[in-house]
Every structure is written in structure tokens, then in C-alpha cells.
Amino acid sequence: MAASVAETLSKRHRVTILAGRPSYDPSERYPYSFLRRDARNGFVVERVGSTAFSRHRMRRRVANYLTYVSLVVPRALALKVDIVLAMTDPPFAGIVGAAIARTKRLPFVYNIRDLYPDMAIGGEIVRPRSWVSGWERLHRKALCQASRIIVLGEDMRELILSKGVSADQVVVIRDGTMLPVSPAPADHPATCEIRGSAKFVVLHAGNLGFYGAWSTIIEAAKSFDGDGGQLVFVGDGANRARLEVLSRGYSCIRFLPFRPGNEVPCVMAAGDVHVVTIRRGLSGIVVPSKLYSTLAAGRPILAVAPEQCDVARIVRENECGLVADPDSPADVAAAIRVLRSDPSRLKIMGERAGEAAKKYARVTELEKFTEVIEEAARSHPPGGRNLAA
């Protein structure tokens, strides 16, 4: 999504992205260099020489974050730009971006993708401590400084407003999705590998991070062992190793790696039902963008999430799936049985999902994003229309 935003902005402005060395996708890694500069798709990416440890160990991930910040701040201060845009990876990027904008007396736009430190506490990554309270105070300062705050859903907007931010600062712009030109082929090797010999596939495709009700979903799936149904995870993340341990001994639960980007439509076509999950306590803190690609694929959705979150609301409003209690394996299992027992209803839900996707076209959301950036830039004296992210 960061690349999509940069590509869209670069059609009308000069854009520089300040990033670290890749630590997630092995195919993107390269030998160490203090600063690597690449031009792509109309914008410039400058990668500082941060560490690139695996993200699966928290201390090493923190080392990546800290080395990135220590190197990116002086580089950001040296660049001549007119506006600063920050996202939320690393988790304190908003605080750093706000400080840079404040030092350079520039407008600051904050695109919140995961809300920190709320995410770290709700995901049980950290415990409430005095330093976490300090983190929250700095974060609220960054929120109040921002000319505009871009959030991914209404539930996130409500949570931001509860922190004392003015309502006219906060704008909902969803990740949205690219609408498919034609259906993915059902006989593609990626689709066939995911489905295997299963009669019914419940699929989760994406990151296995700290936000999902994973234990609930796995316990629900165990009740289907031996009846031809399968729960398939396609992807990776910090929780994958733990989930594999929880699933050990159950052939109805499988784990597969990420597929190349050009095979994503085939992955989405492989599931009879797709799981989108948020654990209780993280409503508004996390908004899974995979919801929109699932809608675009025309697949029914099982939202294992609290009733008040955006995912559950969208699924219910569009009647494109079912919502299940993220704390109840029995409720999740019952929802799967309902979906599996009625193929005609499942087909109708898939059709409704495809129709709902049209409301969230990515091209429209990206145009809104550009307008917000330009509005923030107009609030300060005009410059050369350089944007730094």
C-alpha cells in the first residue's frame, strides 16, 4: 500500500520515500550499504543502512527499528521537502515524523495503519509500564500536531477521536482493492495446491501477526478433522510457529508459504470461505486490509471479530458472510457448518461480496489520499511540491 500511495502521489508531485533495508521478503534483500538510492515508478526510494534481522524475534525486530530511526532522522532533516507523511511501521514512525516536521516547520500528515502503543498492549507484545505511558503521551502529541490523520476505518476514527483529537483532522480512507478484470482460473497450480483433496476449504491468506483470534480459529477447525474440510493458512508472520504447534497432529490444518504477487488472485480463488480476524480488544486498533481483496475475489467471508469492528459491520451490511465470536471456538465451528451446509447461500454471499467490492475501489481511495495531502500542503506557504514519506 505504501508503494501504491507513492505511485499515485508521484503523478503530480516529487516523492521521496525514506525506508530501511528489507527484512521481510528474502528475495528483496541485498548486501549492506550505508545509503541505497533507487528510482522506481516515478518516485525515489532511499534506503538507509539499518540492520535487516528476521522479524520473527522481537529483540532483533526492535534493532531493525532503532537503527532505521537513528539513520533516517539526519537524512530526513537534510532533504528539502514541503510536507512530511508518516505511516506506522516502525511503530513509532509517527512520533519521529512529527518531530521532523516540527523541526523543519512543515505540515505533517499521519497515515495510521496500526494504532500504537494500543496495538502493542492489546496484542500482548508489551505490558503497561511507565515507558509505555510516555510512548502514549508522545503519540498523542503527534496526533494533535498532524494537519490530517488518515485512518483505515470508522472504528479506528472513533478511537482516535477519543484521544482528544479534533474531528476535522481525521479522515477515513480505506485501502480498498483492485477490481479484477476476469475471474482467476480454477485449475491454476497455486489454487490446486491450496485446495489439495479437501471438499471444503476455510482459507486465511495473509500475515499471521499479533492481531488475530488464532487459537479460537484453530480449536474450531479441529472439530472438522477427518470430514473432508480443511483450514489452510497461506502466509507467514510472528505467530506462525506457535500456530503450527497448536495444530500439530491435525491433518485438517495446513500451512503454506506466501505466493508471488501475480498468483494472489489464484490464492483468493482457492477458498470456499475466507477468514478475516481481529481478536477482542483490538477493534479500531487494527483494520485488516485483506477484507477488500477478499470482497474483490467474490468470496464469502467469515469474520472472526468483535461485533463493533468495521469488518463485522461491512460483512453484515452487505450480507456477504457471517460474523463469529473471536472468543468462542464453538461459535466459529457453528458458523463454518452453516456456510458449508448451504452451497446456494454460499454462492449468493460470494456474489454480494463482489458487488460490495465496487464501493471500495483502490483507485478512488488513492485519489482521496492525494487530495488530503494536497490540502495539507496548501495550509502552509507553497514550495516545490516535494513530498517526503
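The values are calculated or read from the model by the stated rules, or taken from the named source; none is laboratory data. What you see is a predicted model, and the numbers here were worked out from it, not measured in a lab. Glycine gets a Cβ as well: all are built from the backbone with ideal geometry, and neighbour counts include every protein chain shown.
Condition check for THR16 on (1) touching a Lys or Arg at 6+ places or on another chain (Cβ under 7 Å); (2) outside any helix (DSSP H, G or I): one failure, at (1). Selection within region 78-88: residues that are out of contact with any Asp or Glu (no Cβ under 8 Å at 6 or more places or on another chain) and surrounded by fewer than 21 Cβ atoms within 10 Å (Cβ to Cβ). The member of this set that is nearest to ASP175 (Cα to Cα) is MET87.
Just one of the listed residues (GLU136, GLU124) is of a type outside the set (Gly, Ala, Ser) and either touching a Pro at 6+ places or on another chain (Cβ under 7 Å) or not assigned by TED's automatic domain parsing to the domain that holds VAL62 (or both), and it is GLU136. For region 63-73, the condition holds for at least one residue, the condition being that it is touching a strand residue (DSSP E or B) at 6+ places or on another chain (Cβ under 6 Å), farther than 24 Å from ARG259 by Cα, not small (Gly, Ala, Ser) and not assigned by TED's automatic domain parsing to the domain that holds ASP236.
When region 124-160 is filtered for residues that are in a helix (DSSP H, G or I) and under 17 Å from the mean Cα position of the chain (by Cα), the ones remaining, listed by number, are GLU154, ASP155, MET156, ARG157. Could you figure out which of (1) part of a loop (DSSP other than H, G, I, E, B); (2) under 22 Å from ALA303 (Cβ atoms); (3) not charged (D, E, K, R) isn't true of LEU243? If we test LEU243 against (1) part of a loop (DSSP other than H, G, I, E, B); (2) under 22 Å from ALA303 (Cβ atoms); (3) not charged (D, E, K, R), just (1) comes out false. Across region 213-244, the number of residues qualifying as farther than 18 Å from VAL332 by Cβ, among the acidic types (Asp, Glu) and modelled with pLDDT of 95 or more comes to 1.
Set side by side, the residues ASP310, ASP327 differ, and just one is surrounded by fewer than 18 Cβ atoms within 10 Å (Cβ to Cβ) and in contact (Cβ under 8 Å) with a residue 24 or more places away in the chain, which is ASP327.
In region 107-123 there is at least one residue that is crowded, with 19+ Cβ neighbours inside 10 Å and more than 20 Å from the chain's Cα centre (by Cα). Which residues, counting only those in region 229-240, are aliphatic (A, V, I, L, M) and part of a strand (DSSP E or B)? Once the filter is applied, which keeps residues that are aliphatic (A, V, I, L, M) and part of a strand (DSSP E or B), region 229-240 yields LEU231, VAL232, VAL234.
Among residues of region 251-272 being part of a loop (DSSP other than H, G, I, E, B) and either in contact with a strand residue (DSSP E or B) (Cβ under 9 Å, 6 or more places away or on another chain) or among the charged types (D, E, K, R) (or both), the one that is surrounded by the most Cβ atoms within 10 Å (Cβ to Cβ) is ALA270.
Where strands (runs of 3 or more DSSP E) fall wholly inside region 32-109, no range has 2 or more residues that are on the phi > 0 side of the Ramachandran plot. Among the residues of this structure, VAL275 does not count as one that is farther than 19 Å from ARG337 by Cα and not in a loop (DSSP other than H, G, I, E, B).
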